[in-house]
1. Please verify whether L98 is at pLDDT below 95, surrounded by fewer than 23 Cβ atoms within 10 Å (Cβ to Cβ), assigned to a loop (DSSP other than H, G, I, E, B) and on the phi < 0 side of the Ramachandran plot, treating the condition exactly as stated.
2. Spot the failing condition for V131; the list is (1) assigned to a helix (DSSP H, G or I); (2) surrounded by fewer than 17 Cβ atoms within 10 Å (Cβ to Cβ); (3) hydrophobic (A, V, I, L, M, F, W, C), and only one is missed.
3. For F43, all conditions in the list (1) modelled with pLDDT of 95 or more; (2) over 24 Å from T176 (Cα atoms); (3) of a type outside the set (D, E, K, R) hold save one; what is the number of the exception?
4. Among the residues of the stretch 220-236, how many are outside any helix (DSSP H, G or I) and either modelled with pLDDT under 90 or of a type in the set (A, V, I, L, M, F, W, C) (or both)?
5. Under 6 Å between Cβ atoms, which residue pairs at least 6 apart in sequence (or on different chains) link something in the stretch 29-42 that is under 17 Å from F139 (Cβ atoms) and hydroxyl-bearing (S, T, Y) with a partner that is modelled with pLDDT of 95 or more and assigned to a helix (DSSP H, G or I)?
6. Pick from the stretch 217-239 the residues that are acidic (D, E) and farther than 14 Å from V278 by Cα: which of them is surrounded by the most Cβ atoms within 10 Å (Cβ to Cβ)?
7. Name the residues in the stretch 146-170 that are touching a residue at least 40 places away in the same chain (Cβ under 8 Å), over 20 Å from G134 (Cα atoms) and either basic (K, R) or not in a helix (DSSP H, G or I) (or both), would you?
Amino acid sequence: MPPKGRKRRSYDLIPTGGPVRHLIDTAMIVVGSLITALAFNMFLLPSHIASGGVSGLSVVVNSLFGIEPAYVQWALNIPLFFAGWFLLGRNYAARSLLGTILMPLFVYLTDGLAAPTHDPLLSSLYGGIGVGLGLGIVFRGRGSTGGFSTLAQIIQKFSGLSLATCVVMLDGTVITVAGFVLSPEKALYALIGLYITGKIIDAVELGFNYTKVAYIIAEKTEEISEAVLNHLDRGLTKLNARGGYTGDDRTVLMVVVGQSEVTRLKTLVQQLEPTAFVIISNAHEVLGEGFKRQEE
């Protein structure tokens with residue numbers, strides 16, 4: 001059997017809510033806003049790809065009237081910020097204030113940068129990656145760039161619709177308008193960029209090292225529990241269950257492990273009870289001791 005694991009750290013290296021944590025969050029919002037602005041100016045705007053949100057709407061307005069996108073973004077973000085302040089609360093507004101100001105500011109300051117490519121497909125791919133990376137960093141810093149994310153939460157609050165539905169409705173409206181104003185082809189490229197952005201945001205927020213949750217149905221539940229606790233150094237939960245065919249009461253073990261620990265878990269179970277039934281699936285995010293600590 002593997003050696004007994006070490007006691008896991010049960011405290012944060014950087015205390016939540018402390019000055020260092022606030023400084024890091026602020027730095028992440030600044031860096032994320034800058035990356036988002038660079039991706040917008042270097043890829044999306046030169047190829048006229050309006051991939052949703054206030055930034056996408058600013059591309060449409062720029063194509064129609066030649067107005068600087070930064071001005072359009074400020075003109076829309078500032079009223080939406082105050083609407084969020086009054087309708088969603090000052091805590092939400094405080095977290096979105098910095099990004100609401102910085103994002104258009106960086107778009108303005110980085111205007112005129114040379115576009116690495118004018119191929120619309122490459123622009124939508126690289127633009128989507130850059131915007132997703134930037135927004136993911138902003139969200140990791142517990143911030144927001146305001147815009148349609150604020151409007152989506154306002155609509156959710158008063159309509160009862162899910163937040164995802166509200167976001168899709170708003171982004172879909174922008175892309176539909178872009179399809180008429182620019183071209184249907186550009187709208188399709190915008191959809192590609194929007195899809196890539198969502199995937200990159202998820203990767204930045206959740207990380208690439210996905211956690212796994214395992215359900216173990218076995219006879220030797222006590223022996224397996226001891227092995228998981230003492231040799232894998234993971235906690236577990238015992239669930240009361242009943243067999244659908246036999247009607248017998250039994251215990252199901254639920255264990256959450258890192259991806260690198262899956263093989264060790266399967267080996268432990270195999271050694272103790274080769275006929276045990278094991279179900280392993282992905283867990284998108286796990287908060288708690290031994291994993292990611294929940295931030296306030």
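1. Criteria not met by L98.
2. With (1) assigned to a helix (DSSP H, G or I); (2) surrounded by fewer than 17 Cβ atoms within 10 Å (Cβ to Cβ); (3) hydrophobic (A, V, I, L, M, F, W, C) applied to V131, the lone miss is (2).
3. The number of the failed condition is (2).
4. The total comes to 6.
5. Cβ pairs passing all conditions: S33/F106.
6. Filtering the stretch 217-239 for residues that are acidic (D, E) and farther than 14 Å from V278 by Cα, the one surrounded by the most Cβ atoms within 10 Å (Cβ to Cβ) comes out as D233.
7. Within the stretch 146-170, K157 is the sole residue that qualifies.
Here's the yes/no breakdown for (1) modelled with pLDDT under 90; (2) touching a strand residue (DSSP E or B) at 6+ places or on another chain (Cβ under 7 Å); (3) closer than 30 Å to S260 by Cα; (4) among the polar types (S, T, N, Q):
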position: K157; (1), (2), (3), (4): yes, no, no, no
position: G160; (1), (2), (3), (4): yes, no, no, no
position: A164; (1), (2), (3), (4): yes, no, no, no
position: L170; (1), (2), (3), (4): no, no, no, no
position: T176; (1), (2), (3), (4): no, no, no, yes
position: G179; (1), (2), (3), (4): no, no, no, no
position: I196; (1), (2), (3), (4): no, no, yes, no
position: D202; (1), (2), (3), (4): yes, no, yes, no
position: F208; (1), (2), (3), (4): yes, no, yes, no
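The values are calculated or read from the model by the stated rules, or taken from the named source; none is laboratory data. If you're wondering where the values come from, they're calculated on a predicted model, not measured in any experiment. Reconstructed Cβ throughout: ideal geometry from the backbone, glycine too, with neighbour counts over all protein chains shown.
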